[in-house]
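For reference, the structure discussed in these notes is given below.
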Amino acid sequence: MTNIYRDILTSIFNSKRLLAVLIDPDKMPIENVSGFILKVNDSRATHIFVGGSEVDEGKTERLIVEIKKYAQLPIILFPGDHIQISDKADALLFLSLISGRNPEYLIGKQVEAISKLREADLEIVPTGYILLENGRQTSVERVSKTKPIERNNIDLIMDTAKAGELLGMKLIYLEAGSGATHPIEPSIIERVRTQLNIPLIVGGGMRSTQAIEEAYQAGASMVVVGTAFEEDESFFNDLKK
Ligand code: 1GP
């Protein structure tokens, strides 16, 4: 059993900035994994997230097995669905979509996941997942059939994050959606940070070192980047160790 959550807390205590590279099994051909992970290993990335909105059964596990041949970083499942669960990963973000009001994504999918999790040697990290609007429909919104929270509804965003913490979640993930045209504003991150005693993950639309830096300065404990690396792996050059 790993201690990924404890290590995250220790890193934050030591003012370390955490960066997760998100790999979507639907977008990463197996033959590209070795080259991609070599770049991850040379970068400031601290974690690898694996998951997608809709992925065929078995695909996520095959990808993780390949990543593990080359990666030195912890691999954390960030699944859109319980069929993506694999104990080849080190940990699982056990997500509840607390910005939405669809019971399937608040508790239904989680119950469906238990028979798989019972046998798996996976560290499980309860995570409150908060989707913010992004000017267009994201795949999370489409698949979960939930409405994201408007960015100007700062009180609702803050209250939702706090409710997640008080329900016992160990992480809050503020999500703009994969490929978002603009990342979550630092002003929102700052306000949410004031509410929380647990780590805050921020992702969606991070395409520059400046955007990542601003998120950290506003209080993000971890930033997640996926699309920017998918579109142009030379972005790793800006994030070298
Ligand atoms: C999506 O937050 C992650 O769930 C990462 O988003 O793909 O836009 O980097 P991007």
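Build a GNM of the chain with springs between Cα atoms under 10 Å apart, and of Ile76, Ile98, Ile107 the one that fluctuates most is Ile107. Across the chain, the mean sequence separation of Cα contacts (distance under 8 Å, 6 or more residues apart), normalised by length, yields a relative contact order of 19 percent. For the peptides 148-155, 83-90, 36-43, the ranking by mean Cβ contacts within 10 Å, running from highest to lowest, is 83-90, 36-43, 148-155. Considering all different alpha carbon pairs of the chain, the Kirkwood hydrodynamic radius works out to 17.8 Å. Calculated mean residue ellipticity at 222 nm for the chain: -10500 deg cm²/dmol, from DSSP H runs with n ≥ 4 weighted as -39500 (n - 2.57), summed, divided by the residue count and rounded to 500. Residues whose amide H falls under 5 Å from that of Val50, counting only those 5 or more places apart or on a different chain, are Ile23, Ile76, Leu77, Phe78, with hydrogens built in the peptide plane. Counting Lys and Arg as +1 and Asp and Glu as -1 over every other residue whose Cβ lies under 9 Å from the Cβ of Glu230, the net charge comes to -3. Could you tally the net charge around Ile12, taking each other residue with its Cβ under 13 Å from the Cβ of Ile12, Lys/Arg +1 and Asp/Glu -1? Residues near Ile12 contribute +4 overall. The residues of region 101-241 have, on average, 47 Å² of accessible surface per residue, using a 1.4 Å probe with all protein chains present.
One compactness figure for region 36-103 is 1.19, namely its Cα radius of gyration divided by 2.2 N^0.38 Å. Based on Cα contacts under 8 Å between residues 6+ apart, region 1-57 shows a relative contact order of 45 percent. Region 45-117 and region 154-179 have Cα centres spaced 19 Å apart.
Over region 1-77, all Cα pairs binned in 10 Å intervals from 0 give whole-percent P(r) values of 18, 49, 27, 6, listed from short to long.
Listed by chain and number, the lysines placed with their C-alpha closer than 21 angstrom to that of Lys27 are Lys39, Lys59, Lys68, Lys69, Lys88; residues fewer than eight positions away on the same chain are left out. When the GluC sites (Glu not before Pro) in region 2-60 are filtered for DSSP coil states and for at most 11 other beta-carbon atoms within 10 Å of their beta-carbon, the remaining sites are Glu57.
The values are calculated or read from the model by the stated rules, or taken from the named source; none is laboratory data. Owing to the predicted nature of the structure, the values given are computational and were not obtained by experimental measurement. Every residue, glycine among them, receives a Cβ derived from its backbone with ideal geometry; neighbour counts consider all protein chains shown. Surface areas here come from the heavy atoms of the whole protein model, side chains and all, with no ligands, DNA or RNA. Shrake-Rupley method; radii C 1.70, N 1.55, O 1.52, S 1.80 Å.
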